[in-house]
Every structure is written in C-alpha cells, then in structure tokens.
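Chemist: Pasting a structure below so you can have a look.
The values are calculated or read from the model by the stated rules, or taken from the named source; none is laboratory data. Everything numeric here is computed off the predicted structure, so don't read it as measured data. Cβ placement follows ideal geometry from the backbone for every residue including glycine, while neighbour counts extend to all protein chains displayed. Heavy atoms of the whole protein, side chains included, go into the accessibility calculation; ligands, DNA and RNA do not. Shrake-Rupley method; radii C 1.70, N 1.55, O 1.52, S 1.80 Å.
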Amino acid sequence: FSADYYGKKDILKFTSFTGNSKNQMAYLASPIDSINLNAKHNPLTTNEYDDFTQSLSMLQWTHRLGINSTITTSAYYNYLRGDYDVAVPSTMLNFRLKSNFYGVISNYKYSKNKFKFDAGVHANSYDRTHSMVIKPDISTNIYKNTGYKKEASAFIKASYNLFDKLL
C-alpha cells in the first residue's frame, strides 16, 4: 500500500507492505562426503520448516525550506514474527522469533551554484525476542530471551566544485 500527497512546499508519502514466507529450510552444513555423492544434499527432514511474516511501514515528509534547501524526515517500523523447526534425535525443537525495528532519519540539503551542504541524523531501536519449545508441548518455553539495541548517528558533508570539467 502506498499513498502520496504533493503540495506546494511539502511532499508526504506513506508506504507499507507485508509478506509471509514458508520454506523447507536448507541452512545446516552438509558433510563433504554427502555433497560429493549428492550436490543437493540437505540434512534437514521434510518436517523441518520455517514460517515468517514481516511487515514494513514508513512515513516520509519532505519540506522545501527555500529555493535552495529541503529537509526530509522519515519514520519507519519493521516487524518480524515467525518460527522454525529443527529435528534432533527423537525430538522436534521449535524456535520462535519476534522483532521490532523502528527509527527516525532526517536529512537537510542545501545547494547553491557550486556549493553543496548535507547534514543528517538517524536514531533507531531494535529488540528481538527468541524462545524455544519442544514439540508437541508448545506452551512450555525451554528458554526465552530478549536482546535490545539502540543507536544514533549524525553526519555533515560540504562540498564546493572548483572545476566545471576535469581536463
């Protein structure tokens, strides 16, 4: 889904999409002897699969401050939820993941003749909860953990074009 608004000095855009992925997994290492016999060797069984849904939404606003400058600010949110099964001898483990990633980025641009100036800031936050159960009992967590990360950064760039052409 996407919607835009275009005004005299402002542009406002909203974009959002979601998707689901269900695959038989193929990410565990195979012994070289097995690969030499069958290049498509996959040590995972047909009962081992993953199921993930991910959504991303972003709101972006651009404002013309003057004839030579603009400021653009975007806010975004990315959500992921899913799980995957891995068979170990006589047991089927189910790993669950859920993450939230959101932030704001803002950029100022100024350009006049041969001079250009850019400055920006970005701040975001990420958290991911992961847990494990042993099937068929999906109500008892064997473990559960949440990791967090927060980050902020800024930049400034100025340039002046001394030559219209390089010889």
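Chemist: Can you tell me the order of 157-164, 134-141, 12-19, 99-106 when each peptide is scored by its average per-residue count of other Cβ atoms within 10 angstrom, highest first?
Modeler: Answer by packing, highest mean first, reads 99-106, 12-19, 134-141, 157-164.
Chemist: Where does the charge balance sit around THR18 when Lys and Arg score +1, Asp and Glu -1, over other residues with C-beta under 15 Å from its C-beta?
Modeler: Neighbourhood net charge equals +2.
Chemist: Computed over the Cα atoms of segment 120-167, what is the ratio Rg over Rh, Rh following Kirkwood?
Modeler: That ratio equals 1.54.
Chemist: Beyond 15 Å, what share of the Cα-Cα pairs of segment 56-127 remains, rounded to the nearest whole percent?
Modeler: Summing the P(r) of segment 56-127 above 15 Å gives 68 percent of all pairs.
Chemist: Continuing with the same structure: Please give me the summed charge of the neighbours of ILE138: other residues whose Cβ is under 14 Å from its Cβ, Lys and Arg +1, Asp and Glu -1.
Modeler: Charge balance near ILE138 sits at -1.
Chemist: Right, here's the next one. Restricting the calculation to Cα positions, tell me the Rg (one decimal) and the Dmax (whole number) of segment 14-107 in Å.
Modeler: Expressed in Å, the Cα Rg and Dmax of segment 14-107 come to 21.5, 70.
Chemist: Next question, about the same structure. Restricting everything to alpha-carbon atoms, can you work out Rg to Rh for segment 19-167 with a Kirkwood hydrodynamic radius?
Modeler: Details: Rg = 24.5 Å, Rh = 20.1 Å.
Across segment 19-167, the Cα-based Rg/Rh ratio is 1.22.
Chemist: Rolling a 1.4 Å sphere over the protein heavy atoms, what is the accessible area per residue of segment 65-161, to the nearest Å²?
Modeler: 64 Å²
Chemist: Tell me, what % of the accessible area of the chain is carbon and sulfur with a 1.4 angstrom probe?
Modeler: That fraction is 59 percent.
Chemist: For the charge dipole of the chain, defined by +1 on Lys and Arg C-beta atoms and -1 on Asp and Glu C-beta atoms about the Cα centroid, which residue among TYR148, HIS41, ALA3 has the Cα displaced farthest towards the positive pole?
Modeler: Of the options given, the answer is ALA3.
Chemist: Mean separation of Cα pairs under 8 Å and 6+ residues apart, divided by the residue count of segment 1-143: what relative contact order is that in percent?
Modeler: With pairs under 8 Å counted, the relative contact order is 18 percent.
Chemist: Ok, one more. If the reach is capped at under 14 angstrom between alpha carbons, list the aspartates and glutamates near LYS22, excluding any in the same chain fewer than eight residues apart.
Modeler: Counting by Cα, and skipping residues close in sequence, LYS22 has these aspartates and glutamates nearby: GLU48, ASP50, ASP51, ASP83, ASP85.
Chemist: Distance check, please: which entries in LYS112/LYS150; LYS13/LYS150; LYS98/LYS135; LYS9/LYS98; LYS8/LYS112 exceed 28 angstrom between their Cα atoms?
Modeler: The answer is LYS112/LYS150; LYS9/LYS98.
Chemist: In a shell of Cβ-Cβ distance under 15 Å around ASN100, excluding ASN100 itself, what net charge do Lys and Arg (+1) and Asp and Glu (-1) give? Please report the intermediate quantities before stating the final value.
Modeler: On the way: positive: ARG81, ARG96, LYS98, ARG128, LYS149, LYS150; negative: ASP127, GLU151.
Charge balance near ASN100 sits at +4.
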